[in-house]
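Okay, structure first, notes after.
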Amino acid sequence: MVPADEGGRLMRTDLLDDPVDGLDEALAAVDAFDDALVAGLLRPLPAQTDGLAALADALAGTPLASLVAEAAEKTAAGAAGEDHFVALAAARTALMGSVHDALTARVADVTGRPAAEETAPPAEGEEEPAANVLAAARAWLCDLARTGWRGLDHELVGGAAPVVSALLRDPALRRQAALLDGFSAELAASCPGAGLERIPVRRWADLWSRALLLTLPGAARTPTRSPATGRLLPLGVDVQEHATAVQAQVHAVFEPADGTPPRLVRAAVSAPKPDTVVGAGLWQLLRPRMSLLTAVSEGRAMELDAMPLTTEGDLLWDDGRARAGEPADPFATARVALAGATDPVAAPLDRHPVRLAAPVLLEGYAAEREDDGAVTFAVAGHRLAVDADRVPAAGPLTPEAIAASGACLGLLRWDSGRFLLQPLAVETTVRKKTAAVHAGAWAGGTADKAGARAEKAATDAVAVLRERAGRLLRS
């Protein structure tokens, strides 16, 4: 809860438990279609045709209705072409977008924050990437839908390799290349599909539909951007790590110099990584690419000068347009400025429940820790699950510190049918004094013993890898 006497508004945490109208029905239609993809759509069985019909029924009365109905009919007859699969992917994406919008509206009711105004899409005329490469990617994805997850084999999945190689040659297609590369690698690791005990049905359907729509002309067009000049007040860092890549996303409040209302923004930096670099060593890969990480670690604001800012609230970070500012405590920022900052508006293809990450400040709760280590916050008579698994190992924030906290700055997310809180920082009492523990405290370097040891180990690993890479290049 945000104390009203410090300029905030009370969070309506009771609304987090209330059902959202139409949510279950939309997800049921998505699940029915996703189940149809498991066995493939080359020769659909009656259960699969029912799933296709459920998707079409869910879109009845919308502008997509006739297009999706025709696609479902052709697919059920085993005569679907690329255009029909694209229509089905669009229908599924629209349904997930409606779920995202309903959950976003609920979060707005909970926080009381205003939403930013939607802007017009970018004008036509931007040069489109190579159509033939995108057509090849679309063809492979359609073959994947016909075969289904149970029919996966290395020959089918291997067909993505030349497509990914061609996509990587064009910088404008890096987004599609990264998605297709990661998706195909995940499928390859699961071959043969016939032997899988468990299939991540919704995840693979998410990746398939998104990848397919990104092959369409204009789908990945550069978003509209404007220069942002003013003060940036960091709230916390969300770290997302995979075996071969890592990304740090800084959530912050931006106060424009022209006096317009503050808004919530994000700034992200990513880097490829070897799988031996983990924990605090990740910062060594990210730190040189973004000075903002040092400001986060030092608890300092940054002054921006014409930094590119998209309409979706993403800062396209350029160190040359930023300089370190005055000290700025994230909890003070949250208590004073968070409630009045406008929430960003998601781009059409980014309207998905997994993208929901709303910064919130909770106080006055009772933290409870179960025997299995799960942490729950009891807030005003309501229980909010804490997603401690998302807390990165690259920082000092631990489940123990979360369970002992009295205030939490985090991201409100939605997963598995419920709202969760991902902590970015907490306030605890140490020797009768309030102390803050931040997930991104080691982002700019640290004197903390545990962090320093982890950095040292990562430094040694990176040095060895660089020496071996140099040797290979010289040979």
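Is at least one residue of the stretch 87-104 free of Cβ contacts under 8 Å to residues at least 24 places away in the same chain and crowded, with 16+ Cβ neighbours inside 10 Å? Spell out how you get there, then give the answer.
Here is the first cut: in the stretch 87-104, the residues free of Cβ contacts under 8 Å to residues at least 24 places away in the same chain are 87.
The next check asks that each one be crowded, with 16+ Cβ neighbours inside 10 Å; those that pass are 87.
Yes, the conditions are met somewhere in the stretch 87-104.
Could you grab me the full set of residues in the stretch 239-294 that are out of contact with any Lys or Arg (no Cβ under 8 Å at 6 or more places or on another chain), within 26 Å of Ala116 (Cα to Cα) and among the charged types (D, E, K, R)?
Result: Asp258, Arg263, Arg266.
What about His251, is it at pLDDT below 90, within 30 Å of Thr459 (Cα to Cα) and either in contact with a strand residue (DSSP E or B) (Cβ under 7 Å, 6 or more places away or on another chain) or not hydroxyl-bearing (Ser, Thr, Tyr) (or both)?
In short, no.
If a residue must be surrounded by 15 or more Cβ atoms within 10 Å (Cβ to Cβ) and either acidic (Asp, Glu) or closer than 18 Å to Ala337 by Cα (or both), how many such residues does the stretch 247-265 contain?
Narrowing the stretch 247-265 to residues surrounded by 15 or more Cβ atoms within 10 Å (Cβ to Cβ): 247-256, 262-265.
Then keep just the ones that are either acidic (Asp, Glu) or closer than 18 Å to Ala337 by Cα (or both); that gives 250-256, 262-265.
Final tally of qualifying residues: 11.
Can you pull out every residue in the stretch 167-187 that is more than 22 Å from the chain's Cα centre (by Cα) and buried (at least 17 other Cβ atoms within 10 Å of the Cβ)?
Leu167
Given the structure, is Val336 crowded, with 22+ Cβ neighbours inside 10 Å and in contact (Cβ under 8 Å) with a residue 12 or more places away in the chain? Walk me through it before giving the result.
Numbers: crowded, with 22+ Cβ neighbours inside 10 Å: no; in contact (Cβ under 8 Å) with a residue 12 or more places away in the chain: yes.
No; evaluated as a whole, the condition is false for this residue.
Go through Leu173, Leu196 for me and flag whichever is in contact with a Ser or Thr (Cβ under 9 Å, 6 or more places away or on another chain) and more than 30 Å from Leu424 (Cβ to Cβ). Step through it out loud before you land on a result.
Working: Leu173 fails: in contact with a Ser or Thr (Cβ under 9 Å, 6 or more places away or on another chain).
Sole residue among the options that is in contact with a Ser or Thr (Cβ under 9 Å, 6 or more places away or on another chain) and more than 30 Å from Leu424 (Cβ to Cβ): Leu196.
Check whether at least one residue in the stretch 13-36 is without any contact (Cβ under 8 Å) to a residue 60 or more places away in the chain and crowded, with 21+ Cβ neighbours inside 10 Å, and report yes or no.
yes
What is the one condition in (1) of a type outside the set (Ser, Thr, Tyr); (2) crowded, with 22+ Cβ neighbours inside 10 Å; (3) at pLDDT 85 or above that Ala268 does not satisfy?
For Ala268, the exception is condition (2).
Name the residue, out of Glu312, Glu303, Glu298, that is at pLDDT 95 or above and charged (D, E, K, R). Explain how you work it out, then say what you get.
Values: Glu312 fails: at pLDDT 95 or above; Glu298 fails: at pLDDT 95 or above.
When all the criteria are applied, what remains is Glu303.
Looking at this structure, is Ala332 among the aliphatic types (A, V, I, L, M) and assigned by TED's automatic domain parsing to the domain that holds Met302?
Values: among the aliphatic types (A, V, I, L, M): yes; assigned by TED's automatic domain parsing to the domain that holds Met302: yes.
Against the criterion (among the aliphatic types (A, V, I, L, M) and assigned by TED's automatic domain parsing to the domain that holds Met302), Ala332 qualifies.
Collect the residues in the stretch 286-306 that are within 23 Å of the chain's Cα centre (by Cα), more than 21 Å from Thr333 (Cα to Cα) and in contact (Cβ under 8 Å) with a residue 40 or more places away in the chain, keeping them in residue-number order.
Leu286, Arg287, Met290
Just to be sure before I move on: is Pro217 closer than 22 Å to Ala87 by Cα and either modelled with pLDDT under 95 or not assigned by TED's automatic domain parsing to the domain that holds Pro256 (or both) in the structure I sent? Show your work before the answer.
On the way: closer than 22 Å to Ala87 by Cα: yes; either modelled with pLDDT under 95 or not assigned by TED's automatic domain parsing to the domain that holds Pro256 (or both): yes.
Answer is yes for this residue.
The values are calculated or read from the model by the stated rules, or taken from the named source; none is laboratory data. These numbers come from a predicted model, not from an experiment. Neighbour counts are summed over all protein chains in view; Cβ atoms, including those assigned to glycine, are modelled from backbone coordinates with ideal geometry.
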